[in-house]
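Readers should treat all values here as calculations from the given coordinates under stated rules, not as data from a laboratory. The model shown is predicted, which means the values in this text are computed figures rather than measured ones. No Cβ is skipped: glycine too gets one built from the backbone with ideal geometry, and neighbour counts run over all protein chains shown.
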Amino acid sequence: MTEASCWQALPALILSAMTEQNPALPDKDCPLCPRLVSYRQTNQAAQPDWFNAPVPCFGDPQAEFLIVGLAPGVTGANRTGRPFTGDWAGDLLYDTLAQFGFSSDTYDKHIDDGLSLNNCMITNAVRCVPPQNKPIGAEITACRPFLLNRIESLKNLKAILSLGRISHESVLRSFGVKLKDAAFAHGAKHDVGGYKLYDSYHCSRYNTNTRRLTPEMFADVFATIKADLAASA
């Protein structure tokens, strides 16, 4: 699907929620998902000093590599305003990015830590924090145009890493690919929409505590991506 055809298919409400300057970023008061709006307002009242808005993408606008997570964590990105910043998932993700040269290695769990990404950008399938970290299908669908616009805005993009099944399936649906044609599996690699799509279990505390995902397993995925990017240069 081209960017033009995507825009033509979008309901007017979704178009109105996109910022004029950046169609990959929802407006700070995005109205698309009533449940997420209500939860946002609850958090704004309880924690007025937190970010409490759709979380922007973070990274290199010339990136060849895009990481797609699930959604902001309530005390992580929803608090700090930067993806994967302030919670356990970010500890593992940013450590691994540094290990493979995709970051400046200055991560300190807040947005003023001086961190920058190299040839990499991070986004989420859903930009607003969901209750219990679980977005529902309608919310994932409503946010998908922002994901597609982010993908299509990265002119050098070659590799996409989906963290978890929901992220994987949202990327597939962005390009009209049937789920059965590119099944999610940790360590899998697919050809999707002209890009290489890589899969990993999400780097959540639950997955790492249960050893479903180990740091070594996570690093192996990044090693493959790093090698493939080098080979395509």
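With each run of n ≥ 4 DSSP H residues scored as -39500 (n - 2.57), what mean residue ellipticity at 222 nm is computed for the chain after dividing by its residue count and rounding to the nearest 500 deg cm²/dmol?
-11500 deg cm²/dmol
Would you mind computing, in nm to one decimal, how far apart the modelled labels at Asp27 and Asp105 are, each placed 7 Å from Cα along Cα→Cβ?
So the label points at Asp27 and Asp105 sit 4.4 nm apart.
Mean Kyte-Doolittle hydropathy of -1.0 or higher plus an axial Cα length of 20 Å or more: which whole DSSP H helices in the chain meet both?
Membrane-span-like by this rule: 137-153, 215-232.
List, in the order given, every pair from Lys134/Lys155; Lys134/Lys158; Lys158/Lys226; Lys28/Lys178; Lys28/Lys226; Lys158/Lys189 whose Cα-Cα distance in the structure shown is over 22 Å.
Result: Lys134/Lys155; Lys134/Lys158; Lys28/Lys178; Lys28/Lys226 exceed 22 Å.
Viscosity 0.692 mPa s, temperature 37 °C: give me the Stokes-Einstein translational D for the chain in µm²/s, with Rh taken as the Kirkwood radius over C-alpha pairs.
Here the translational diffusion coefficient equals 185 µm²/s.
Given the convex hull of the Cα atoms of region 168-233, what is a quarter of its surface area in nm²?
For region 168-233, averaging the hull's shadow over all directions gives 4.9 nm².
Within a Cβ distance under 14 Å of Ala89, other residues only, what is the Lys/Arg minus Asp/Glu net charge?
Spelling it out: positives minus negatives among the neighbours equals +2.
Go through Gly76, Ser162, Gln132 and say which Cα lies farthest out towards the positive end of the charge dipole of the chain; charges sit on Cβ, +1 for Lys and Arg, -1 for Asp and Glu.
Working it through, the farthest residue towards the positive pole turns out to be Gln132.
Taking the C-alpha atoms of region 60-152, how large are the radius of gyration and the largest Cα-Cα span, Dmax, in Å?
13.2, 37
So if I take the centroid of the Cα atoms in region 60-133 and the same for region 183-229, what is the distance between those two points in Å?
What the calculation gives is 16 Å, centre to centre.
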